[in-house]
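Enquirer: Sharing a structure, written as structure tokens. Questions coming.
The values are calculated or read from the model by the stated rules, or taken from the named source; none is laboratory data. All figures in this text were calculated on a predicted structure; none of them were measured in a lab. Note that each Cβ is placed from the backbone with ideal geometry, even for glycine, and that neighbours are counted across all protein chains shown. With ligands, DNA and RNA removed, areas are computed over all heavy atoms of the protein, side chains included. Shrake-Rupley method; radii C 1.70, N 1.55, O 1.52, S 1.80 Å.
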Amino acid sequence: MAAPSTTGSTLVSAQDVARAREAVAQGAPLVQCLTNSVVQTITANALLAVGAAPAMVDNVHEAAAFAALASAVLVNVGTLDETKAQAMSLAAGSAREHGRPWVLDPVAVGGLEFRTRIARELLDHAPTVVRGNASEVLGLAGAGAGGRGVDATDGAEDALEAARGLSARTGGVVAVSGPVDVLVHGDRTVRVAGGHVLLTRTTGAGCSLGALVAAYASAEPDPLVATAAAHLHVAIAAERAAARADRPGSFAIAWLDELDAVGPQDVLDGAGRLA
Amino acid sequence: MAAPSTTGSTLVSAQDVARAREAVAQGAPLVQCLTNSVVQTITANALLAVGAAPAMVDNVHEAAAFAALASAVLVNVGTLDETKAQAMSLAAGSAREHGRPWVLDPVAVGGLEFRTRIARELLDHAPTVVRGNASEVLGLAGAGAGGRGVDATDGAEDALEAARGLSARTGGVVAVSGPVDVLVHGDRTVRVAGGHVLLTRTTGAGCSLGALVAAYASAEPDPLVATAAAHLHVAIAAERAAARADRPGSFAIAWLDELDAVGPQDVLDGAGRLA
Amino acid sequence: MAAPSTTGSTLVSAQDVARAREAVAQGAPLVQCLTNSVVQTITANALLAVGAAPAMVDNVHEAAAFAALASAVLVNVGTLDETKAQAMSLAAGSAREHGRPWVLDPVAVGGLEFRTRIARELLDHAPTVVRGNASEVLGLAGAGAGGRGVDATDGAEDALEAARGLSARTGGVVAVSGPVDVLVHGDRTVRVAGGHVLLTRTTGAGCSLGALVAAYASAEPDPLVATAAAHLHVAIAAERAAARADRPGSFAIAWLDELDAVGPQDVLDGAGRLA
């Protein structure tokens, strides 16, 4: 009998997430990122750390063609203008058309009209995974009080119904980040505990998670398993990093190191964080 | 009687800067940054390190609306095009209208016509604080020989008269960075010594200081106290970082750690750098 | 008789590269960078680490005027739109007109039409150095199978003929990065061994090398010596960094530290990597 700490949840097993980690390492997926200007560097480095490859191809001339070649696509609306929004729509449409998984990160959606409209239009391209905090998921779904930007002012469980509604609409996973992450796919719900508060004091940690979800979704066919494995990978790496770096500058560096170090066995051993 | 090292200046006391540091930590101000593309990551991380929250909302659709919600606004003209310039004007105008402090960082102004014109137009929105090196302050004021970009080729004291003229025009603080920083507010002048030369070998350290000034200006009503406290915080953190990291890569990480570590008592104890 | 490890190649001697390193340190060249949004921070920090100064002046209003003042110009097409492309053409044209060396980094050229066309048009401004991986050099020359973005799917030696053709056309150096770098200038060919695989897992390491080549090309008159010295500097720093940091996050920081630490004597002692 497996020890409780390695069983995973009834929906996503320890073996599932370990297999997904192995598939990312073996497949070296190429993740096209159309993401905000603040987090491009850490996003690229996080992808490289887990064994994936980043490509920030985000102009209107190349976005669609590249999405047909890439393993997966990330769209993050953190910094936006009309031209970027157009490139995002082209990339998401091409990803869908060519059967590539794509992830939508609705940064600060809900509180700001322009990006809220753009993000809602992107839902028509049926994102494989939506990943955001509770305020953003509520904002994307048209519920909630709106946030003051990137901070979650609602708890993850407060967004559970909104996440279920979004998942029903897109057919994909909706992942709500919080102290305990809540992941919804149709009538399946998985929670991921763990991680560390220093992740919230490192710019781009959440945005990088979105990119890792895209990498995992290209390597693992079940999008709920892929999303859970990516969240677990980030949480384990954060805990290990925090054990040796208790300030935000050195924590961010240690976290990148641990994203590299965490392998299938570590994910297997850490699956008790799933419920 | 207080020891000389903790008295501060006659205009800004040790108790003043310690109170400002406490107010930033307690208030967790949300700082909207319209800043150059090179330094966005370190700026966001520096704000997070001191306990503030960054939001890089810099498009023309959202800039004004967000400035009404933010605690303070930073405008840094380091990389600029017409659209960014328009967003900056909208954000600065909204900040002024809604009583939010805002900081202008005139990167490389003086030597380059386009940004010099834009920065001078922004002065009409009466920045709470202008923060730059001597060449930039001279360039903004219409004096000086111009720099070769981001390097200060003039000493901070050389910009004292220009700073006084600018302060008279805007009604705000003008802070001139150098080995000893010179801070002017009307007829008040405060100097901040200390810091470390490695700050000049870390891209974005000065630009991050601009963002921290904005955070402090939202938490502390006297803009001269706020500006002095931000400069002191950065200087103390740099000295502590340099004591354990003598090369630029590791220095930048240590500096972020120390921005987090430096609290009200450290600022109080370090107020002897003020004169 | 000099020991084998310090002789350099028959075309570029150990004394040549040591002299170039000294010239960069003494001259503190100002390098204008028109580069992609992902790597601006590490590029600026790498330039600062070797004793150069960065200036990311990349808008159409200032690009040409600044190129006339800068010591050298870097053009990297990693993230591109029409306006940036126009600024690049203006900067490259101005650099050529004013006798400033300029470096072209054709990121992901070959596989993507838009940037391939832009990069080929830039060749008309006769870059002092072209620096890319084999796929990119083949793509720029109109040969090769095209890459899947930023990864080199061809070996450096596979691009030797393409590099010779490009060098004949531009009159400049063409440097092909790989486990052993191949540098071509007319009928001269120099190879640089060494470095470390962790460089390929740090976003912007290759792009930063392009910027360092620009710094070296402004300080050393022979562009082949300059290019070899920059590659050698990066390789030695990477090996030293990898000796104390075996994960990508901490490696990147150690590499910046070692770029600072590697001086003329280290380059002289390491010239055995040249052949």
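Enquirer: Residues with amide H under 5 Å of A:C33's amide H, sequence separation 5 or more or different chain, H placed in the peptide plane at 1.01 Å from N; which?
Expert: A:A55, A:M56, A:V57, A:L74
Enquirer: If you take the square roots of the eigenvalues of the alpha-carbon gyration tensor of region B:28-223 and sort them as a ≥ b ≥ c, do you get rounded (a/c under 1.5), prolate (a/b over b/c) or oblate?
Expert: It comes out rounded by the Cα gyration axes.
Enquirer: Same structure, new question: Test of understanding: in a Gaussian network model of chain B with alpha carbons linked when under 10 Å, which of B:H233, B:H185, B:H98 would top the mean-square fluctuation ranking?
Expert: B:H98
Enquirer: Report, for B:T10, each distance to the same residue's label point in the other copies, shortest first and in nm; define the point 7 Å along Cα→Cβ.
Expert: Spelled out, the distances from B:T10's label point are 7.7, 7.7 nm.
Enquirer: What's the local net charge at B:A219, with K and R +1, D and E -1, over the other residues with C-beta under 13 Å away?
Expert: So the surrounding residues net to -1.
Enquirer: Compute the distance in nm between two label points, each set 7 Å from the Cα along the Cα-to-Cβ direction, one at A:E82 and one at B:A168.
Expert: So the label points at A:E82 and B:A168 sit 4.4 nm apart.
Enquirer: Just to confirm, what accessible area per residue do you get for the protein assembly as shown at 1.4 Å probe, in whole Å²?
Expert: Normalised by residue count, the accessible surface of the protein assembly as shown is 32 Å².
Enquirer: Where nothing but the Cβ of Lys and Arg (+1) and of Asp and Glu (-1) is charged, how large is the charge dipole of chain C around its Cα centre, in debye to the nearest 20?
Expert: Details: 19 positive and 28 negative charges, 10 e Å.
Here chain C has a charge dipole of around 40 debye.
Enquirer: Using alpha carbons only, how many degrees (0 to 90, rounded to 10) separate the axis of helix A:113-122 from the longest principal axis of chain A?
Expert: Helix A:113-122 sits at roughly 80 degrees to that axis.
Enquirer: Which distances, shortest first and in nm, link B:P221 to the matching position in the other copies, using label points set 7 Å out along Cα to C-beta?
Expert: Copy-to-copy label distances for B:P221: 6.7, 6.7 nm.
Enquirer: A follow-up question, please. What is the angle, in °, between the Cα long axis of helix A:248-261 and the longest principal axis of the Cα atoms in chain A? Nearest 10 is fine, range 0 to 90.
Expert: 70 degrees
Enquirer: In peptide B:196-206, what is the residue-averaged number of other protein chain Cβ atoms found within 10 Å of each Cβ?
Expert: Going residue by residue through B:196-206 and averaging, the value is 3.
Enquirer: Considering only protein heavy atoms and a 1.4 Å probe, what is the carbon-and-sulfur percentage of the accessible area of the protein assembly as shown?
Expert: Summing carbon and sulfur atoms, their accessible area is 52 percent of the total for the protein assembly as shown.
Enquirer: Per residue of C:40-49, what is the mean number of Cβ atoms on other protein chains within 10 angstrom of that residue's Cβ?
Expert: 6
Enquirer: Then there's this: Can you list, shortest first and in nm, the gaps between the label point of A:V197 and those of its counterparts in the other copies, using a point 7 Å from Cα in the C-beta direction?
Expert: Once sorted, the set of distances for A:V197 reads 4.0, 4.0 nm.
Enquirer: Counting only protein heavy atoms and rolling a 1.4 Å probe, how much accessible area do A and B lose on contact, total for both sides, in Å² to 100?
Expert: Interface area, both chains combined: 2000 Å², rounded to the nearest 100.
Enquirer: Same structure again: Based on alpha-carbon centroids, what's the gap between region C:188-234 and region B:23-47 in Å, whole number please?
Expert: Cα centroid to Cα centroid, the span is 34 Å.
Enquirer: Let me ask something else. Among A:E239, A:E161, A:E113, whose mean-square fluctuation peaks in a Gaussian network model of chain A (Cα, cutoff 10 Å)?
Expert: A:E113
Enquirer: Within region B:186-252, report the trypsin sites (Lys or Arg not before Pro) that DSSP leaves as loop and that have at most 15 other Cβ atoms within 10 Å.
Expert: B:R244
Enquirer: Taking only DSSP H segments of four or more residues, each worth -39500 (n - 2.57), what value at 222 nm results for the protein assembly as shown once the sum is divided by all its residues, to the nearest 500 deg cm²/dmol?
Expert: After summing the helix terms and dividing by residue count, I get -15000 deg cm²/dmol.
Enquirer: Given the options B:A85, B:A252, B:A243, which has the most mean-square fluctuation in a GNM of chain B, springs set between C-alpha atoms less than 10 angstrom apart?
Expert: B:A243
Enquirer: When each pair of different Cα atoms in the protein assembly as shown is counted once in the 1/r mean, what is the Kirkwood radius in angstroms, to one decimal?
Expert: After inverting the pairwise mean of 1/r, the radius is 26.8 Å.
Enquirer: Return one number: the angle in degrees, 0 to 90 and rounded to the nearest 10, between the long axis of the Cα atoms of helix B:205-219 and the longest principal axis of the Cα atoms of chain B.
Expert: 80 degrees
Enquirer: Net charge near C:L104, counting Lys/Arg +1 and Asp/Glu -1 over other residues with Cβ under 13 Å of its Cβ?
Expert: +1
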